[in-house]
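The values are calculated or read from the model by the stated rules, or taken from the named source; none is laboratory data. Values in this document were obtained by computation on a predicted structure and should not be read as measured data. So basically every Cβ, Gly included, is an ideal-geometry build from the backbone, and we count neighbours across all protein chains shown.
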């Protein structure tokens, strides 16, 4: 969608570039739309250089452009492979969030969708976030707030995150190479069994898991002290079209953590993985070492 005033705002944004506000830690930004009231066509530029962070815009007025980049120098090919996922807080209101590229706007999240906490992902090469305040006479008590993450579109288990590739989630098993890499590089890896599956959304459901081993984890998504205090327990999100076997065999459970929640990635039966891992250790092709005793 092309708006006739976007070009004028983009030009104003270039003039404001020298005075653009940077967040104090390059990961998160907090600002106020009250500063825009005297300059109704101002567009404030926000630059964030981090793998994840947050934005909080108090009293939305006018518009802001949010430029997201990784905190390391990257080649254009690497940049093209990166995606941005944003998750609004359910109290977020007062604006619509668009994806802006070359003066064209594509709606990512309406105000109503923000209230539902909907996650949206897009390629970093597609443009910047354009957050436009909804014109209203009373802007008090309104806050636009969301979290963001930068993540690669490929890698072990990436095909299981439904928001990254909408409509393209596959439940196919990971290859041997992907399994060996997943146990080393995933946000979490451990061995255990599935418990009950709770009803979820059209995108995913949640399964309880009990882990007898936890090789490593990020963000403490699993807590020690499950059944009789002898295991790690937690919840893992699974795409709706992918089933699990509650109370069945022991599995190697690997996956990623997004916005504080665990998502299942590669998950073979542990006995099958152990055979693969033992063979790779013998010939020196395993990318890392784990304690399987």
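A few remarks follow.
- Residue in the stretch 96-103 that is modelled with pLDDT of 95 or more, part of a strand (DSSP E or B) and closer than 22 Å to residue 169 by Cβ present: yes
- Restricting attention to the stretch 240-284, the residues that are surrounded by 14 or more Cβ atoms within 10 Å (Cβ to Cβ), more than 22 Å from the chain's Cα centre (by Cα) and in a loop (DSSP other than H, G, I, E, B) add up to 3.
- Each residue in the stretch 121-131 was checked for being part of a helix (DSSP H, G or I) and touching a helix residue (DSSP H, G or I) at 6+ places or on another chain (Cβ under 8 Å), and 2 of them qualify.
- The stretch 29-80 holds no strands (runs of 3 or more DSSP E) entirely within its bounds that carry 1 or more residues that are at pLDDT below 90, under 15 Å from residue 128 (Cβ atoms) and outside the structural domain of residue 134 (by TED's automatic domain parsing).
- Candidates 255, 260, 248 - the one that is in the same structural domain as residue 183 (by TED's automatic domain parsing), in contact with a strand residue (DSSP E or B) (Cβ under 8 Å, 6 or more places away or on another chain) and closer than 30 Å to residue 118 by Cα: 255
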